[in-house]
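Encoded as structure tokens, the structure appears first; notes follow it.
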Amino acid sequence: MSEKAIALVVQGGAGPISVDSYTKNRPAIGDILRKTAPMLVEGAAALRVVEEAVRLFEEHPSFNAGIGSSLRYDGSIQQDATIMDGASGRGAGVGAVKGIIHAITLARYVLERTPHVLMVGEWATEFARDCGMEMVPDERLIVPERRELWKRKLAAKETPDDQVLSSGGTVGAVALDTEGRLAAATSTGGMVLSLPGRVGDSAILGAGTWADAHSAVSCTGVGESIMLVLMAKVCADAVISGMSPQEAADLVVRIQGEKTPGTSGAIVVDKKGAVGLAHNSANMYRGYFTPEEGVVVPN
Ligand code: GLY
């Protein structure tokens, strides 16, 4: 095992998660950490590890990203994602992209193959096709539970306004690698019943995702609430000002709860391998790996 500080933190969404759902899906958090932490131990770049952790979430039908994404008002699927490399200070995102399982990999392609920071809509989808990504119909991304939830909310005549108070969710990962590099990645199917074309915090660097030379941050929860307090960047700046990752995570979920409606959560790792995990929602899928503690998934 490496003697250098390394750490990996993952999140699978914060919100009104029932005890039954949490109990059912909690093992997946441990599985994803056990599959990806060895990459860090063996010296893989933090950017590669956070992408892989998020890809595993995107393939898992229980989480709101890739397969299992939330349905928009019109029943369609659109996804947002961002990835950021703290060592180079470069990051990129995609918004309202359709027809792919791995929005996080498309964000990496924007980072590595274009001079741009954000690509959205049909042209981002076209870029995915040009990059040779597998294109899939919405039916491949929709799972029965999400379709039922969408139907129930439509039948109850709920509106996008109602969702801002109750829903939101993402998947994300932050990591410190053996070279001292930090990286963050976040991906989401967005908010159930949101208007087509709505883009949330997971597409916006500084809102849902941030990484620099001091820390890496991934946020989850209601995008409208997170964007208005620029949660990930405020969290990273709190670490620069001397807070521990836990203090910084606690601070930003408190700021979000005080300033905007809805709920949120944040995961953080700093350059020493200290981790922080916080949420103000009923629950949050989350867990971490450090060489000292191994894989930890809270009850
Ligand atoms: N945090 C994910 C979203 O609101 O889209």
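What to note about this one:
- In the set Asp250, Asp212, only one residue is within 22 Å of Ile83 (Cβ to Cβ), open to solvent by 10 Å² or more (accessible area, probe 1.4 Å), among the charged types (D, E, K, R) and at pLDDT 95 or above; that residue is Asp212.
- Residue within segment 216-223 that is assigned to a loop (DSSP other than H, G, I, E, B) and either among the hydrophobic types (A, V, I, L, M, F, W, C) or under 18 Å from Ala46 (Cα atoms) (or both) present: yes
- Scope segment 226-249; condition among the aliphatic types (A, V, I, L, M), within 15 Å of the ligand (Cβ to nearest atom) and under 16 Å from Ala213 (Cβ atoms); matching residues: Ala232
- Criterion: within 16 Å of the ligand (Cβ to nearest atom), out of contact with any Pro (no Cβ under 9 Å at 6 or more places or on another chain) and open to solvent by 10 Å² or more (accessible area, probe 1.4 Å) - qualifying residue of Leu141, Leu118: Leu118
- Of the residues screened, Gly169 is one that is part of a loop (DSSP other than H, G, I, E, B), closer than 27 Å to Met39 by Cβ and within 12 Å of the ligand (Cβ to nearest atom).
- With respect to the stated conditions, Glu42 fails to be of a type in the set (Asp, Glu), at negative phi and within 15 Å of the chain's Cα centre (by Cα).
- Criterion: on the phi > 0 side of the Ramachandran plot and out of contact with any Lys or Arg (no Cβ under 9 Å at 6 or more places or on another chain) - qualifying residue of Lys151, Lys157: Lys157
- Residue within segment 174-195 that is touching a residue at least 60 places away in the same chain (Cβ under 8 Å), within 15 Å of the ligand (Cβ to nearest atom) and part of a helix (DSSP H, G or I) present: no
- Options Val239, Val296: the member that is in contact with a strand residue (DSSP E or B) (Cβ under 9 Å, 6 or more places away or on another chain), under 20 Å from Gly12 (Cα atoms) and at pLDDT 95 or above: Val296
- Selection over segment 71-106 of residues that are of a type in the set (Ser, Thr, Tyr), open to solvent by 10 Å² or more (accessible area, probe 1.4 Å) and within 15 Å of the ligand (Cβ to nearest atom) gives a count of 2.
- Each residue in segment 215-247 was checked for being of a type in the set (A, V, I, L, M, F, W, C), in contact with a Pro (Cβ under 7 Å, 6 or more places away or on another chain) and open to solvent by less than 10 Å² (accessible area, probe 1.4 Å), and 0 pass.
- Residues satisfying the stated conditions in segment 113-144, i.e. acidic (Asp, Glu) and either in contact with a Phe, Trp or Tyr (Cβ under 7 Å, 6 or more places away or on another chain) or touching a residue at least 12 places away in the same chain (Cβ under 8 Å) (or both): Glu122, Glu134, Asp138
- With respect to being touching a residue at least 12 places away in the same chain (Cβ under 8 Å), closer than 25 Å to Tyr73 by Cβ, away from the ligand (no atom under 16 Å from the Cβ) and of a type in the set (Lys, Arg), Arg152 falls outside the description.
- Test: Ser202 is assigned to a helix (DSSP H, G or I), buried (at least 22 other Cβ atoms within 10 Å of the Cβ) and either polar (S, T, N, Q) or more than 10 Å from the ligand (Cβ to nearest atom) (or both): yes
The values are calculated or read from the model by the stated rules, or taken from the named source; none is laboratory data. Just so you know, these numbers come straight off a predicted model, no measurement behind them. Every residue, glycine as well, gets a Cβ built from its backbone with ideal geometry; the counts of neighbours run over all protein chains shown. Only protein heavy atoms, including side chains, enter the accessible area calculation; ligands, DNA and RNA are left aside. Shrake-Rupley method; radii C 1.70, N 1.55, O 1.52, S 1.80 Å.
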